[in-house]
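Structure first, commentary second.
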Amino acid sequence: MNRIHYGGDYNPEQWSPEVWAEDMKLMTEAGVSLVSVGIFSWATVEPTPGAYDFGWFDQVMDNLAANGIGASLATMTASPPPWLSVKHPEILPERADGTRLWPGSRQHYCPSSPIYREYAGRLVEQVAQRYADHPALTIWHIGNEYGCHTRQCFCDVSAEDFRRWLRDRYGDITTLNEAWSTTFWSQRYSDWSEVFPPRTTPTFGNPAQKLDFARFSDDAILQCYLVERDIIRKHTPRVPVTTNFIGLVHKPIDSFKWAAEQDIVSLDSYPDPYDPHAHVEAAFGYDLVRSAKGGRPWLLMEQAPSAVNWRPRNAPKAPGVMRLWSWQAVAQGADGVLFFQWRQAQGGAEKFHSAMVPHGGPDTRTHREIQALGRELAAAAELSDSLVRAEVAILHDWDNWRAVEGDAHPGVTELLPAHRAHFDPLFDAHVTVDVVHPATDLSAYKMIVVPNLYLLSRDVAAALTRYVADGGTLVVSFFTGIVDEQERVYLGGYPGPLREVLGLRIDEFWPLPVGNSIGVDGGKGTIWSEWIETEGAETIATFTDGELAGRPAITRHQYGEGVAWYLGTRPDPALMRTLLDRVRTEAGVEPVLPGLPDGVQAVVRHGGEADYLFLLNHSGSAVTIPLPSPAVDLLGSSGSPVTSVDLAARGVAVLRH
Ligand code: GAL
């Protein structure tokens, strides 16, 4: 990219050409280099079927080019025009209970609808042909936040597509019956026509059917993306394509699978300014999106300049927060910082969502901060293409996420809180983390953390076992390795395929009553406890009260050249921190800098010629940080090397070493 891009969603169709002229002037002054255009333009460029009106859009593209601003050009298919659902009401999606979703907002299409895909494809063909050689075209922005509102569709068209998907996966109905354990509750199918999406049922539905429907729905949405992407590729094989993932992680859309189909990944991120840990939540999402593309730079495609409009109470970003959080994304590997949206809408459902140019115009606090940040980022071009490296990986798998949060389990195990329980203490200890799919090559990591990987394939279990045997450090939390890819339990004692590496067997699950904790040596356990029989593992901590008092709670197993830890409960945050500090110290994992104050985030991006240390003060107080060696602060005024950095509250420094 050769620069850190700056900009936002630009919706000129909502404004007159006089406003466009002011937009160009203000964008230029703010150092805007990339804007997402056309996302919601379908009804304006194709006001009636097949009658295209691109004249106004040509003007917009020409204006951008004339001002040296790139277009992240949308395929315009995110919200079908009203005429399409009048002409073809069968494109409208249906919920599990049969409710049809009507036009009047956006994303009101059934992802499996061949009619929607056909009309969308025709439009994309027009857009791609028309702008293939336009000088403003910088990157293709396919659709918009796929799966944001319409995540699964249960209509008859989807049902037929689901059967096709199942036939591809299982071949014949007998194999499907086995995969779905349909002898249970008399669910055996004798013909494909008897198979439906998991529509609303009297009680718990078949878990394997639900999991497959989640996989299918993701694939159906991905298919919409691929249809458009392939049309685009035909016309512009060298222009990169992306689509923006919904922040920070979104259960219906498997970012790992989707990332493989994109040239550059991008993410929309809306941490809540009222949440004191919002930056940690964001950090997890940024580490994941970067890891999804093997560590390559990514784009922050949307964030709010200040408040959003979709929470019950929408906090503005206090002075300095927008800058701090923007630099956080860059620190964690982003090569672009973009916003929703450029100009705050006068009408429509998002009129109270903040913008780079607020209702009050350019003479506003938000716009002044936008201008200042644009100047800073423009001067930091050398950061682009530099890479973040991590020694620790947390394993995340969408299949597992969908399965582990299923119905009728021993207890409720929500995956994102489980991730955060492991991620946050590492973040607080200033350790850089990747968040990767379990089937990734893990050999280069010094430490692997596995929170609640309930669904685990035999292959991944074997790879984790080898990883430890070869000298790796593995930390596994409870309710991991319980079922295979079809939600069938591994028999003979939990966690079947990990028993050998962990050196234990779990006899029974003892989930804790809501809000309760249990005593554990050194602190408390939360959420869960279990009856562990060690088979070679050493007990590090035992439960200290209740029925399991005196039994193992946390174990450590030397296996081959490595070590495998097991947590039979979720330690309270202080105990988790102590434990993970010990595990990582033994594994040789160091913080980015020793002795950093609480609330300061530190990340290094490695460039070809220099390393860049980012220091971000998320705390409310000023701090002084001594540096290991003299370095130039890219955001400082002096230009000469410094040996320590004074960071105001919400301050940022980027140090070139
Ligand atoms: C995103 C979406 C944008 C806008 C924004 C508001 O989900 O892509 O179009 O709606 O949220 O926060």
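The values are calculated or read from the model by the stated rules, or taken from the named source; none is laboratory data. Since the structure is predicted, the reported quantities are computational estimates derived from the model, not experimental observations. Quick reminder, even Gly has a Cβ in these numbers, built from the backbone with ideal geometry, and neighbours come from all protein chains shown.
Close contacts from segment 30-44, counting a first residue that is more than 17 Å from ASP335 (Cα to Cα) and a second that is within 13 Å of the ligand (Cβ to nearest atom) and small (Gly, Ala, Ser), with Cβ to Cβ under 6 Å and a gap of 6+ residues or different chains, come to GLY38/ALA74; ILE39/ALA74; ILE39/ALA78; PHE40/SER79. Only residues that are modelled with pLDDT of 95 or more, closer than 20 Å to GLY607 by Cα and assigned to a loop (DSSP other than H, G, I, E, B) were counted across segment 640-657, and they come to 1.
Residues that are surrounded by fewer than 17 Cβ atoms within 10 Å (Cβ to Cβ) and outside any helix (DSSP H, G or I): does segment 138-152 have at least one? Step through it out loud before you land on a result.
Taking segment 138-152 first, the residues surrounded by fewer than 17 Cβ atoms within 10 Å (Cβ to Cβ) are 149.
Narrowing the set further to residues that are outside any helix (DSSP H, G or I) leaves 149.
The answer is yes, given that some residue of segment 138-152 is surrounded by fewer than 17 Cβ atoms within 10 Å (Cβ to Cβ) and outside any helix (DSSP H, G or I).
Of everything listed in (1) under 14 Å from the mean Cα position of the chain (by Cα); (2) buried (at least 24 other Cβ atoms within 10 Å of the Cβ); (3) part of a helix (DSSP H, G or I), the single unmet condition for TRP327 is (1).
Just checking, does segment 34-56 include any residue being buried (at least 20 other Cβ atoms within 10 Å of the Cβ), over 25 Å from the mean Cα position of the chain (by Cα), hydrophobic (A, V, I, L, M, F, W, C) and at pLDDT 95 or above? Give the derivation first.
Start the filter on segment 34-56 by keeping residues that are buried (at least 20 other Cβ atoms within 10 Å of the Cβ), which leaves 34-39, 41-42, 45-46.
Next cut, over 25 Å from the mean Cα position of the chain (by Cα) only: 41-42, 45-46.
From the residues that got through so far, the ones that are hydrophobic (A, V, I, L, M, F, W, C) too are 42, 45.
If we keep only those that are at pLDDT 95 or above too, we end up with 42, 45.
Yes - at least one qualifying residue is present in segment 34-56.
Residues that are of a type in the set (D, E, K, R) and more than 9 Å from ALA78 (Cβ to Cβ) were ranked within segment 130-148; the one that is nearest to the ligand (Cβ to nearest atom) is ARG130.
Rundown of residues vs (1) within 13 Å of the ligand (Cβ to nearest atom); (2) under 30 Å from SER386 (Cβ atoms), yes/no style:
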site: TRP327; (1), (2): no, yes
site: ASP335; (1), (2): no, yes
site: ARG343; (1), (2): no, no
site: ALA349; (1), (2): yes, no
site: PRO362; (1), (2): no, no
site: ARG368; (1), (2): no, yes
site: ALA372; (1), (2): no, yes
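Checking the conditions here, which among VAL483, VAL475 is modelled with pLDDT of 95 or more and in contact with a His (Cβ under 9 Å, 6 or more places away or on another chain)? Don't jump to the end; show me each part of the working.
Values: VAL483 fails: in contact with a His (Cβ under 9 Å, 6 or more places away or on another chain).
None of the other options fit; the residue is VAL475.
Given the structure, is GLU18 modelled with pLDDT of 95 or more, within 27 Å of ARG151 (Cβ to Cβ) and either within 16 Å of the ligand (Cβ to nearest atom) or not hydroxyl-bearing (Ser, Thr, Tyr) (or both)? Considered against the rule, which asks whether it is modelled with pLDDT of 95 or more, within 27 Å of ARG151 (Cβ to Cβ) and either within 16 Å of the ligand (Cβ to nearest atom) or not hydroxyl-bearing (Ser, Thr, Tyr) (or both), GLU18 comes out as no.
Given segment 562-639, what strands (runs of 3 or more DSSP E) lie entirely inside it while holding 3 or more residues that are out of contact with any Phe, Trp or Tyr (no Cβ under 9 Å at 6 or more places or on another chain) and on the phi < 0 side of the Ramachandran plot?
Numbers: elements: 562-567, 600-606, 611-617, 623-633.
Correct list: 562-567, 611-617, 623-633.
Candidates in segment 393-413 are the residues that are farther than 21 Å from SER217 by Cβ and of a type in the set (Val, Ile, Thr); of these, the one that is modelled with the highest pLDDT is ILE394. Annotation: of all residues in segment 149-179 being over 25 Å from HIS250 (Cα atoms) and of a type in the set (Ser, Thr, Tyr), the one that is farthest from the ligand (Cβ to nearest atom) is THR174. When segment 243-302 is limited to residues that are more than 11 Å from the chain's Cα centre (by Cα), within 15 Å of the ligand (Cβ to nearest atom) and among the charged types (D, E, K, R), the one that is surrounded by the most Cβ atoms within 10 Å (Cβ to Cβ) turns out to be GLU302.
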